[in-house]
1. Can you pull out every residue in the stretch 153-180 that is at pLDDT 90 or above, in contact with a helix residue (DSSP H, G or I) (Cβ under 9 Å, 6 or more places away or on another chain) and farther than 19 Å from L125 by Cβ?
2. Right, T14: surrounded by fewer than 16 Cβ atoms within 10 Å (Cβ to Cβ), touching a helix residue (DSSP H, G or I) at 6+ places or on another chain (Cβ under 8 Å) and of a type in the set (V, I, T) or not?
3. Considering only the stretch 131-139, I want to know if a residue exists there that is without any contact (Cβ under 8 Å) to a residue 12 or more places away in the chain, open to solvent by less than 30 Å² (accessible area, probe 1.4 Å) and part of a helix (DSSP H, G or I).
4. Just to be sure before I move on: is H41 touching a residue at least 60 places away in the same chain (Cβ under 8 Å), touching a Leu at 6+ places or on another chain (Cβ under 7 Å) and open to solvent by 10 Å² or more (accessible area, probe 1.4 Å) in the structure I sent?
5. In the stretch 22-38, how many residues are crowded, with 24+ Cβ neighbours inside 10 Å, touching a Pro at 6+ places or on another chain (Cβ under 9 Å) and within 23 Å of E169 (Cβ to Cβ)?
6. So is F55 of a type in the set (F, W, Y), surrounded by fewer than 19 Cβ atoms within 10 Å (Cβ to Cβ) and modelled with pLDDT under 95 or not?
7. Please state which of the following conditions E102 fails to meet, knowing it meets all the rest: (1) free of Cβ contacts under 8 Å to residues at least 12 places away in the same chain; (2) of a type in the set (D, E); (3) touching a helix residue (DSSP H, G or I) at 6+ places or on another chain (Cβ under 8 Å).
8. Using beta carbons and a limit of 7 Å, which pairs, at least six apart or on different chains, have the first residue in the stretch 141-155 and within 10 Å of V166 (Cα to Cα) and surrounded by fewer than 18 Cβ atoms within 10 Å (Cβ to Cβ) and the second one among the acidic types (D, E) and modelled with pLDDT of 80 or more?
Amino acid sequence: MLREIVLDTETTGTDAKNGDRLIEIGCVELINHVQTGKFYHQLMNPQRAVSEGAFAVHGISDAMLADKPVFADVVDAFVAFCGDARLVIHNAPFDVGFLNMEFARLGPAAPKAIPLEDVVDTLLLARRKHPGAANNLDALCNRYGVDTTRRVKHGALLDAQILAEVYVELLGGKQTSLGLSIAEPAGSVTVAAVADSGPAGPRPMRSRLTQAERLRHGSFVESLGTNAVWREYLEP
């Protein structure tokens with residue numbers, strides 16, 4: 001069994017070495033590249049101001065974080081959720097750099113630093129698969145037809161859910177969900193504990209056919225007669 005954690009973060013700014021901090025972590029569990037419905041999501045008080053540039057990206061304000069726990073108070077739950085699973089991150093040096101910086105602030109009792117070489121970086125996967133093309137998350141969603149209509153602002157949990165779909169497409173397009181309920185954060189500020197939804201049966205693979213292609217396929221199946229096996233695969 002292969003267990004992976006797709007992870008995304010939001011921060012106060014872009015420079016961990018000069019004091020920027022984590023403010024949000026979102027994680028989605030995959031088993032054998034299939035989303036299980038388990039997730040981890042947490043907002044944190046960074047004890048410093050969110051920069052204007054970062055706020056423009058994720059919309060998380062200082063006021064939204066004022067009553068949230070600090071990283072030291074949530075790190076045990078975060079580490080327990082991840083366990084020994086392989087992390088999957090888009091542009092891994094950024095998120096890993098911030099996580100390791102937060103670990104280092106905890107002193108001798110801190111978790112071990114995350115080795116970058118142990119992380120699957122989907123940005124590197126995308127660059128190898130699509131050299132010379134735009135490979136940011138939005139571009140990959142457009143390329144693979146991943147729905148981003150809920151994504152008004154960046155948010156760690158929602159971006160982790162979207163990245164989980166993109167990751168599987170980069171691997172070859174296997175089914176990405178067992179039909180389990182995935183948390184939908186309200187905007188960027190829902191704080192959720194680890195959640196585990198019970199199985200609800202398989203979900204059909206997403207179709208990429210256009211309406212015109214569906215109509216042409218339907219006409220073709222009609223020409224094969226009433227016993228054509230393709231009738232079992234026509235969309236309702």
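1. Scanning the stretch 153-180 gives a single hit, A156.
2. Yes, satisfied.
3. Within the stretch 131-139, one or more residues are without any contact (Cβ under 8 Å) to a residue 12 or more places away in the chain, open to solvent by less than 30 Å² (accessible area, probe 1.4 Å) and part of a helix (DSSP H, G or I).
4. For H41, the condition - touching a residue at least 60 places away in the same chain (Cβ under 8 Å), touching a Leu at 6+ places or on another chain (Cβ under 7 Å) and open to solvent by 10 Å² or more (accessible area, probe 1.4 Å) - is not met.
5. Qualifying residue count, the stretch 22-38: 1.
6. Spelling it out, F55 is indeed of a type in the set (F, W, Y), surrounded by fewer than 19 Cβ atoms within 10 Å (Cβ to Cβ) and modelled with pLDDT under 95.
7. Tallying (1) free of Cβ contacts under 8 Å to residues at least 12 places away in the same chain; (2) of a type in the set (D, E); (3) touching a helix residue (DSSP H, G or I) at 6+ places or on another chain (Cβ under 8 Å), E102 fails exactly one: (1).
8. Final answer for the pair search is Y144/E169.
The values are calculated or read from the model by the stated rules, or taken from the named source; none is laboratory data. No experiment lies behind these values; they were computed from the predicted model shown. All Cβ positions, glycine included, derive from the backbone under ideal geometry; neighbour counts span all protein chains shown. When the accessible area is computed, the model is the full protein with side chains, heavy atoms only, and any ligands, DNA or RNA have been set aside. Shrake-Rupley method; radii C 1.70, N 1.55, O 1.52, S 1.80 Å.
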